[in-house]
There are 2 protein chains.
Amino acid sequence: MISKTTTVNDAKQHLIDHGIRPSVQRLAIMKYLMEHRTHPTVDKIYNDLRPSMPTLSRTTVYNTLEVLVEHDAVLELSIDSHTSHYDGATAPHAHFRCRRCGAIIDVDMKDLALATPESSEFTVEHVEISYTGLCARCINDNNQDNNQDNNL
Amino acid sequence: MISKTTTVNDAKQHLIDHGIRPSVQRLAIMKYLMEHRTHPTVDKIYNDLRPSMPTLSRTTVYNTLEVLVEHDAVLELSIDSHTSHYDGATAPHAHFRCRRCGAIIDVDMKDLALATPESSEFTVEHVEISYTGLCARCINDNNQDNNQDNNL
DNA sequence: AGTTGTTTTTGAAATCATTACAAAATTACA
DNA sequence: TGTAATTTTGTAATGATTTCAAAAACAACT
Ligand SMILES: [Mn+2]
Ligand SMILES: [Mn+2]
Ligand SMILES: [Zn+2]
Ligand SMILES: [Zn+2]
């Protein structure tokens, strides 16, 4: 099982590269974010890690993510006004969020102009491009619902 | 005072145009958002309107903004992960938010390509482009702070 | 005006995400 | 080891938002 070890090492190196001391908890959370490209919330991370780390505290997840974000080791997405989502992929890309099921999908922006504005009013440090609407599954579900309503 | 009446009428028309019944409270909130281009939060709107509408309820502000957003009469910004901000300007534009003072500044996007992505995975209904960093005032304050630290 | 049904507003209580805090555990290093 | 600094933990507090049922406002009809 080289892959598992590799992820741990990658996560560890990633933390060190960003000047973050790799504690057991930080490593677990960083590894989780590198393996799961689902843009999880604090609670999703907490609940998913708990089985293998029973003593993990929700506060630690909050603390750790704050450290990771401060050091640009992960991205904090504000696409969902209800709660923060986190992204282990730090290369520039945009996101789509389904307003029905909440799923967040990566959107490549190869051609999509990434022109950061120049202004004397501010200095830009981060860019977040967010799309919202309905995902294919939810569009489909909607149609089925409508069909059911019409007794088809 | 044509201007005042004009704003009320504009707000009223705007509501009607978007299929929203213009109650006293909805009109006041819509008018507020058309006059104040500061991207206020629920609480800002609530506190600013209270003097002239003492019976206004915070819940009504929440309810009304939900209706306004649903009908695309105003924009809900998720640029601030702590709380929602609202924008009476619905023409496409981007936003900058200062991470220090929280100020939100409109960013024109005349050249900034607004290419909405095409995908079989989703249908895009809304686009939000957000920049964060430091505003000119906060950069300045920081310098002054540093100078004070250095006894200049 | 009076009656009735519908929509909207209101305030209080409940919920949910996040933050504050102080004690306990772990780690760094002399 | 011993001691200081860092990190984690659980609980309590906070703050924004939602829920909910009653009151008020409104619309349609008589
Ligand atoms: Mn992503
Ligand atoms: Mn704006
Ligand atoms: Zn969906
Ligand atoms: Zn600022």
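Kindly indicate whether A:MET53 is away from DNA strand D (no atom under 11 Å from the Cβ) and in contact (Cβ under 8 Å) with a residue 24 or more places away in the chain. In short, no. Annotation note: of A:VAL127, A:VAL107, A:VAL67, the sole residue that is on the phi < 0 side of the Ramachandran plot and assigned by TED's automatic domain parsing to the domain that holds A:THR41 is A:VAL67.
Would it be correct to say that B:ILE45 is surrounded by 14 or more Cβ atoms within 10 Å (Cβ to Cβ) and more than 15 Å from DNA strand D (Cβ to nearest atom)? Judged against the criteria, B:ILE45 is not a match. It is to be established whether one or more residues within the stretch B:68-82 are farther than 17 Å from A:ILE129 by Cα, within 14 Å of chain A (Cβ to nearest Cβ) and more than 16 Å from ligand 2 (Cβ to nearest atom). There is at least one residue in the stretch B:68-82 that is farther than 17 Å from A:ILE129 by Cα, within 14 Å of chain A (Cβ to nearest Cβ) and more than 16 Å from ligand 2 (Cβ to nearest atom). Of the residues making up the stretch A:83-128, just one is in contact (Cβ under 8 Å) with a residue 40 or more places away in the chain, facing another protein chain (nearest Cβ under 7 Å) and of a type in the set (Ser, Thr, Tyr), namely A:SER84.
Scanning the stretch A:56-67 for residues that are hydrophobic (A, V, I, L, M, F, W, C) and away from chain B (no Cβ under 13 Å), we see that the one that is nearest to DNA strand D (Cβ to nearest atom) is A:LEU56. May I ask you to say which residue of A:VAL74, A:VAL107, A:VAL61, A:VAL8 is β-branched (Val, Ile, Thr), within 16 Å of ligand 1 (Cβ to nearest atom) and either over 30 Å from A:ASP141 (Cα atoms) or open to solvent by 40 Å² or more (accessible area, probe 1.4 Å) (or both)? Being β-branched (Val, Ile, Thr), within 16 Å of ligand 1 (Cβ to nearest atom) and either over 30 Å from A:ASP141 (Cα atoms) or open to solvent by 40 Å² or more (accessible area, probe 1.4 Å) (or both) holds for just one of A:VAL74, A:VAL107, A:VAL61, A:VAL8, which is A:VAL74.
The values are calculated or read from the model by the stated rules, or taken from the named source; none is laboratory data. A quick note: this is a predicted structure, and the numbers were derived from the prediction, not measured. Positions of Cβ are backbone-derived with ideal geometry, glycine not excepted, and every protein chain shown enters the neighbour counts. Surface accessibility is based on the protein's heavy atoms, side chains included, excluding ligands, DNA and RNA. Shrake-Rupley method; radii C 1.70, N 1.55, O 1.52, S 1.80 Å.
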